[in-house]
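Novice: The structure is given below, and queries will be raised subsequently.
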Amino acid sequence: MVTYGKGLRPLAILTVLVLGGGIALALFYAPMDADQGFRQKIFYIHVPMAIVAMGGFIAGGIAGIMYLRTEDSKWDLRSYTWIHHALILALGALITGSIWAKTSWGHWWVWDEPTLVSFLIVFLLYCTYQPLRFSIEDREKQSRYAAVFAITAGAFVPLNFMAVRMAQSLSHPRVFATSNGGLPLKMQIAFYVMLAGMTLFFITLTKFEMASKNTRAQMGALRRRLGGEDGPARRSAAPALPTATEAGTA
Amino acid sequence: MRRAVGALLRKEAALELRTPQVIPGMALFSIVTYVVFHFGLRRNQVSGDLAAGVLWVTILFAAMLGIARLFVTDREEGGFDAFLLAPVDRTAMFVAKAISMFTYLALVQVVAIPAFVVLLLGPGLSGEELLKLMAVLALADIGIAVVGTLVGALAVQTRARDLITPLLALPLLVPVVIGAARASAPLLTLTGAGTLPGRWLVVLALYDLVFGLLAYAVFDFLLED
């Protein structure tokens, strides 16, 4: 039996502190951008979101490799939750990027911006992850196929960025690399605190989901043992977990 | 391994020769798509970037048909079971399927490219341009075949196969479209043959290499049962 809930409360508190501190730093401590003014502040959310989402996708691919090697459903669960939350953060990054594009260039969507476009392609690809899992009934096969998908898509992320970047002129705002040589120290501090906060946020959310999935699986197993009422097996995209009772009999 | 691949290829060829389905279907689909583009764009002739776009969108969507059919007989008529019983390397299945997908694409293009030149292409193609276009086609077809085989094997085991195939394959093939469209656009311009942009061929070759190795590595896991 694996306990996932350990240390969740301190982690959650730490996340709130760092993320809150990062937002405070970004709003009040970091200097106003000379060219862009207040709207530059959205980058303190947008860039960490995008970086953590990409990291989550690639971590999901690595967890896929681990699953295929070990056949341990723990890795399948990790791959699933990491990709799941990376997808949510990627949506956040797309929306914040879009808002910035609107305020800065007057368009919600700009095609000649490689990072935004490759982000959209990656996002669309990962949108199929859940439907793929959902449409495979056999649990063991579902995990294996999802792992293959996670590995393929994880390798696709850098390749896609390269191809799209080559296809367009480089116009992604290098907001954090200004002409006079890099970022002012105060901005850097705010940015890295936000990045750390976003990473912690991602870890906390995924840990919560894993704990919840695990608890629900064990609840279901206990209920089956108590009442024997099995009910119709609900199909789900989420990975199946070995429960205490099943592990006991195995 | 080589003998297993040969046997599988003979099986694919025999199937397609007895009841031609995939190749005529894809070729017909390509030509219908040109007609749709003619009305959709309200153009009698296209050239340059637009021509490259029409050509690659058509090839890509025709390829979807082939990818969706690639493993269907193996699943429904027990081809997978028979293959798994045979004492051969499972990668043989991947190699054979990728080669047959590549062959399907090449054979369809034998019909679809001349039809494109006749029906839609403004500038026409000289011999030299045709050779260069064939180089682009070959590199892009390898990429489509490799990714298509992987996606086809993934999707054939799902209940929503027809839905999953294009949803997975289209985003994965975006880099191929970028590279192939960029590389072939100068060949289709009105001003005559532009130079073939070498760096796009490099992108296509790199894509083929990365996904070839990747698919080779993970394909075994899609066959276990």
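Novice: Taking R0 as 25 Å, what FRET efficiency do you get between A:Arg69 and A:Leu11 from their Cβ-Cβ distance, rounded to the nearest 0.05?
Specialist: Efficiency at R0 = 25 Å is approximately 0.35.
Novice: Can you sort B:Glu16, B:Glu128 from fewest to most other Cβ atoms within 10 Å of each residue's own Cβ?
Specialist: Fewest-to-most ranking of B:Glu16, B:Glu128: B:Glu128, B:Glu16.
Novice: In peptide B:162-175, what is the residue-averaged number of other protein chain Cβ atoms found within 10 Å of each Cβ?
Specialist: Taking all residues of B:162-175 together, the mean is 5.
Novice: Here's another thing I want to ask about it. In the Gaussian network model of chain B, springs joining C-alpha atoms below 10 Å, which of B:Val203, B:Val88, B:Val136 carries the largest mean-square fluctuation?
Specialist: Highest fluctuation of the listed residues: B:Val88.
Novice: Exposure proxy check: B:Arg2, A:Arg78, B:Arg75 ranked by fewest other beta carbons within 10 Å?
Specialist: Ranking B:Arg2, A:Arg78, B:Arg75 by Cβ neighbours within 10 Å, fewest first, gives B:Arg2, B:Arg75, A:Arg78.
Novice: Pairs to check: A:Lys74/A:Lys207; A:Lys74/A:Lys141; A:Lys6/A:Lys74; A:Lys6/A:Lys141; A:Lys41/A:Lys186; B:Lys11/B:Lys132. Give those whose C-alpha atoms are more than 21 Å from each other in this structure.
Specialist: Check vs 21 Å cut-off fails for A:Lys6/A:Lys141; B:Lys11/B:Lys132.
Novice: As a test of the formula, what do you get for chain B when each DSSP H run with n ≥ 4 contributes -39,500 (n - 2.57) and the sum is divided by the residue count, at 222 nm and rounded to the nearest 500 deg cm²/dmol?
Specialist: So the helix-based figure for chain B works out to -26000 deg cm²/dmol.
Novice: Okay, moving on. For B:Phe221, B:Phe39, A:Phe43, what ranking results if the residue with the fewest other Cβ atoms within 10 Å of its Cβ goes first?
Specialist: Fewest-to-most Cβ neighbours within 10 Å comes out as B:Phe39, B:Phe221, A:Phe43.
Novice: Would you mind getting me the FRET efficiency between A:Ile189 and B:Asp220? Use the beta-carbon distance for r and R0 = 60 Å, nearest 0.05.
Specialist: The value I calculate is 0.80.
None of the figures in this text is laboratory data; all of them are computed from the coordinates on show. Owing to the predicted nature of the structure, the values given are computational and were not obtained by experimental measurement. Because the Cβ atoms are built from the backbone with ideal geometry, glycine has one as well, and the counts that use them run over all protein chains shown.
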